[in-house]
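A.B. asks: One structure, as structure tokens, below. Some questions next.
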Amino acid sequence: MKLVRIIADKVTGEGLYTVRFPEKSVDEFERLFDLWIGDMSELYRFFQDHRKDLQRGYYKGITQ
């Protein structure tokens, strides 16, 4: 497993990372987006499964 930075802040050097497994042809960020785009019901399921997470903290206010 390898951590790969996919978005980087030019000033701080901080960023968003994804995981890449050696046996896979794409990283997990790309795999997830491909899954969501290919199956909208999977995207709906994801948001339903994580509804409580999306209603607190930074995301609070999302109600639908």
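Please treat every number below as a calculation from the coordinates, not as lab data. None of these values were measured; they are calculated from a predicted model. With ideal geometry, Cβ positions are generated from the backbone for all residues, glycine too; neighbour counts draw on all protein chains shown.
A.B. asks: Using the basic label-point model (7 angstrom from Cα toward the beta carbon), what is the W36 to Q55 distance in nanometres?
C.D. replies: 2.1 nm
A.B. asks: Quick one: 3J(HN,Hα) in Hz for region 45-51, Karplus 6.51/-1.76/1.60 with θ = phi - 60°, rounded, Gly and Pro as x.
C.D. replies: Listing the rounded values in order: 4, 4, 5, 5, 5, 10, 3 Hz.
A.B. asks: What residues qualify as long-range amide H neighbours of Y17, i.e. H under 5 Å apart, gap of 5 or more or another chain, H built at 1.01 Å from N?
C.D. replies: Under 5 Å from the amide H of Y17 lie the amide H atoms of I6, each far enough along the sequence or on another chain.
A.B. asks: Among residues other than L3 whose Cβ falls under 11 Å from its Cβ, what is the net charge (Lys/Arg +1, Asp/Glu -1)?
C.D. replies: +1
A.B. asks: Quick one: what are the phi-derived ³J(HN,Hα) couplings along region 23-29, Karplus 6.51/-1.76/1.60 with θ = phi - 60°, whole Hz, x for glycine and proline?
C.D. replies: 7, 9, 7, 10, 7, 5, 4
A.B. asks: Just add up the charged neighbours of D34: K/R +1, D/E -1, any other residue whose Cβ is under 13 Å from the Cβ of D34.
C.D. replies: -3
A.B. asks: Next up: For all pairs of alpha-carbon atoms in the chain, what percent lies in each bin of width 5 Å, listed from the first bin to the last filled one?
C.D. replies: So the P(r) values, bin by bin, are 4, 15, 15, 15, 22, 19, 8, 2.
A.B. asks: Relative contact order for region 1-45: what percent, with Cα pairs under 8 Å and sequence separation of 6 or more? Don't skip to the answer; put the middle values down first.
C.D. replies: Working: 45 pairs, mean separation 11.6, N = 45.
Computed over region 1-45, the figure is 26 percent.
A.B. asks: Tell me which aspartates and glutamates have Cα within less than 15 Å of K24's Cα, excluding those fewer than 8 residues away on the same chain?
C.D. replies: Correct list for K24: D34.
A.B. asks: In sequence order, what are the phi-derived ³J(HN,Hα) couplings for region 5-19 according to the Karplus relation 6.51 cos²θ - 1.76 cosθ + 1.60 with θ = phi - 60°, rounded to whole Hz, with x for glycine and proline?
C.D. replies: Whole-Hz 3J(HN,Hα) from phi for region 5-19: 6, 10, 9, 10, 7, 5, 7, 8, x, 6, x, 9, 10, 10, 10.
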